[in-house]
Amino acid sequence: MECPKEPLGSQCSLSEMDDFDLTRALDKPRLKIERKRSFDERSMSELSTGYSRHDLDMAHSPGSRSFVDTPLSYVRNSFEPHPMVAEAWEALRRSMVFFRGQPVGTIAAYDHASEEVLNYDQVFVRDFVPSALAFLMNGEPDIVKNFLLKTLQLQGWEKRVDRFKLGEGVMPASFKVLHDPVRKTDTIAADFGESAIGRVAPVDSGFWWIILLRAYTKSTGDLTLSETPECQRGIRLILSLCLSEGFDTFPTLLCADGCSMVDRRMGVYGYPIEIQALFFMALRSALSMLKHDEEGREFIEKIVKRLHALSFHMRNYFWLDFQQLNDIYRYKTEEYSHTAVNKFNVMPDSIPDWVFDFMPLRGGYFVGNVSPARMDFRWFSLGNCVAILSSLATPDQSMAIMDLLEHRWEELIGEMPLKICYPCIESHEWRIVTGCDPKNTRWSYHNGGSWPVLLWMLTAACIKTGRPQIARRAIDLIESRLHRDCWPEYYDGKLGRYVGKQARKFQTWSIAGYLVAKMMLEDPSHIGMISLEEDKQMKPVIKRSASWTC
Ligand code: GLC
């Protein structure tokens, strides 16, 4: 197996991250010798049980592939791959976008039957992530590198909404390549929120960019990209947007509605779990890539402090299980001073009825949002899966999330993986919360719709927690319909049985998500690209059961 090349001029590398000690990071550069551990070795140490040693030995070797059109999975396995795999690769390749002859991304949807293209013909940063992982897993890193560099260039643009200038580090939500057939030139138009419906800047784009840069580095062993001054600066600019000091009393990141995958008003403003989990993962990924030079060190110090506070806050205040629910149910309100148990003054009367029935005795999850007197008890899949992958969730919490998924299979997975959130909101609440959004009616789209793209995150979480059988069940469901239905963007209904009312067909991330899930199950060492091991130095969760009496 090939070892990563020795980088020049940096004192910290990705391969050190699994046993990265936050407290030591502040004062001592790590020994270079440790870097010689191969990436594959690290990937495997990140895996839990559920696979035999033989499975793990089939590790991915960076840069060892020379087939361009044949998926690696065809070559490796003696058994016949599912016919959908070849179709998916073909569809994924059809969605590729070129800039001056170089592949730079994939469009959101290749749906010619749809009357309205809107912005689905653009390369979305978040949508490209599963495509990028599929290409990396298939030994085709060039498109990912080009994408990372192109979006880095776009970050440098001046961004304005009317007369207001946005922060320097903001990454685009999407970009479009414009081909001029007469002049034979290509130009790019990017959207940082100034054209987006609702005019919200994508908070998740910068985080996904950092996470993808780490995935690229880890998969290829090529440290030279992340170590360029341009990439180092790009990371710092993204971080400076979210590590600056202000009026915050919480380490979580305050956001507007619509700033992430749920890009319309859905009552996720405040401190949405999706953003907090991505923030945590991006901080840890950045920590593994930032150089310990003068500028880097300043950020490393800030990251380390923030990670401590963020993990404490999330693991304590966002975590909900049977006991915690019972504690909140019995909360006193209007407590003043440091001794308050109900720190955010959550009113027990605001606990929705459904959650009492939904909560199993074994299992738990990170709730959607926590802010003063407001707890959003909804389950959000992306945030919970990323919490597992980034090890924001402790091992116990990760297991509890998987227990909940198994226990509430019908509600969370139903007939089509995976509910974006649960449950939906309806009637008066829908009117107030969404502003009467006709696309987000009950059990549709962002409001309790089922999104096949989430399959890859579920699969990665299953592998990490040693429960691949859950992923297999979910993949079987996808294989029974997704191709037949022409790869829709989302499904509607309580069980996710109906192709979404306004769902695009040939939605690229539905296609790529399926491929990534398949490739990870075949070769679980791939998960190292997108998973971070637990940091042993972070304080364990403190049990708050002060109001729990037997
Ligand atoms: C929808 C989704 C958003 C996605 C975009 C392009 O607006 O809500 O998350 O990035 O479509 O597929």
When you scan the range 312-326, do you find a residue that is modelled with pLDDT under 95 and either open to solvent by 70 Å² or more (accessible area, probe 1.4 Å) or of a type in the set (Gly, Ala, Ser) (or both), even just one?
no
Residue check: is Ser226 away from the ligand (no atom under 16 Å from the Cβ), of a type outside the set (Asp, Glu), open to solvent by 20 Å² or more (accessible area, probe 1.4 Å) and not in a helix (DSSP H, G or I)?
no
Does at least one position in the range 268-279 carry a residue that is more than 13 Å from the chain's Cα centre (by Cα), more than 22 Å from Cys385 (Cα to Cα) and modelled with pLDDT of 95 or more?
no
Based on this model, can you work out whether Gly448 counts as out of contact with any Cys (no Cβ under 9 Å at 6 or more places or on another chain) and not charged (D, E, K, R)?
no
Leu532 - would you say it is under 22 Å from the mean Cα position of the chain (by Cα), in a loop (DSSP other than H, G, I, E, B) and of a type in the set (A, V, I, L, M)?
yes
Would you point out the residue of the range 343-368, among those that are within 19 Å of Thr252 (Cβ to Cβ) and touching a residue at least 60 places away in the same chain (Cβ under 8 Å), that is surrounded by the fewest Cβ atoms within 10 Å (Cβ to Cβ)?
Val367
Can you report the number of residues in the range 251-264 which are away from the ligand (no atom under 12 Å from the Cβ) and either touching an Asp or Glu at 6+ places or on another chain (Cβ under 8 Å) or assigned to a loop (DSSP other than H, G, I, E, B) (or both)?
6
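Residue-wise test of (1) farther than 22 Å from Gln102 by Cα; (2) among the basic types (Lys, Arg); (3) open to solvent by 10 Å² or more (accessible area, probe 1.4 Å); (4) without any contact (Cβ under 8 Å) to a residue 40 or more places away in the chain.
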site	(1), (2), (3), (4)
Pro141	no, no, yes, no
Phe147	no, no, no, no
Leu152	no, no, yes, no
Arg160	yes, yes, yes, yes
Lys165	yes, yes, yes, yes
Glu168	yes, no, yes, no
Ile188	no, no, yes, no
Asp222	no, no, yes, no
Leu392 - would you say it is under 25 Å from His526 (Cβ atoms) and free of Cβ contacts under 8 Å to residues at least 60 places away in the same chain?
no
Of the conditions (1) modelled with pLDDT of 95 or more; (2) out of contact with any His (no Cβ under 7 Å at 6 or more places or on another chain), Asp186 fails just one. Which one is it?
(2)
Taking into account only those residues within the range 489-507 that are within 12 Å of the ligand (Cβ to nearest atom), open to solvent by less than 10 Å² (accessible area, probe 1.4 Å) and of a type outside the set (Ser, Thr, Tyr), which is farthest from the chain's Cα centre (by Cα)?
Gly500
If you scan the range 265-288, which residues turn out to be within 16 Å of Phe207 (Cα to Cα), touching a strand residue (DSSP E or B) at 6+ places or on another chain (Cβ under 9 Å) and either assigned to a helix (DSSP H, G or I) or more than 16 Å from the ligand (Cβ to nearest atom) (or both)?
Tyr271, Ile273, Glu274, Ile275, Gln276, Ala277
Determine whether the range 522-531 contains at least one residue that is at pLDDT below 95 and open to solvent by 20 Å² or more (accessible area, probe 1.4 Å).
no
If you take the residues of the range 127-183 that are assigned to a helix (DSSP H, G or I) and closer than 16 Å to Pro202 by Cα, which of them is farthest from the ligand (Cβ to nearest atom)?
Leu152
What is the number of the single condition among (1) surrounded by fewer than 24 Cβ atoms within 10 Å (Cβ to Cβ); (2) at negative phi; (3) within 12 Å of the ligand (Cβ to nearest atom) that Ser510 does not meet?
(1)
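The values are calculated or read from the model by the stated rules, or taken from the named source; none is laboratory data. All of these numbers come straight from a predicted model, not from anything done at the bench. In this analysis, Cβ positions are derived from the backbone assuming ideal geometry, glycine residues included, and neighbour counts consider all displayed protein chains. Remember, those area values only see protein heavy atoms, side chains included, never the ligands or the DNA or RNA. Shrake-Rupley method; radii C 1.70, N 1.55, O 1.52, S 1.80 Å.
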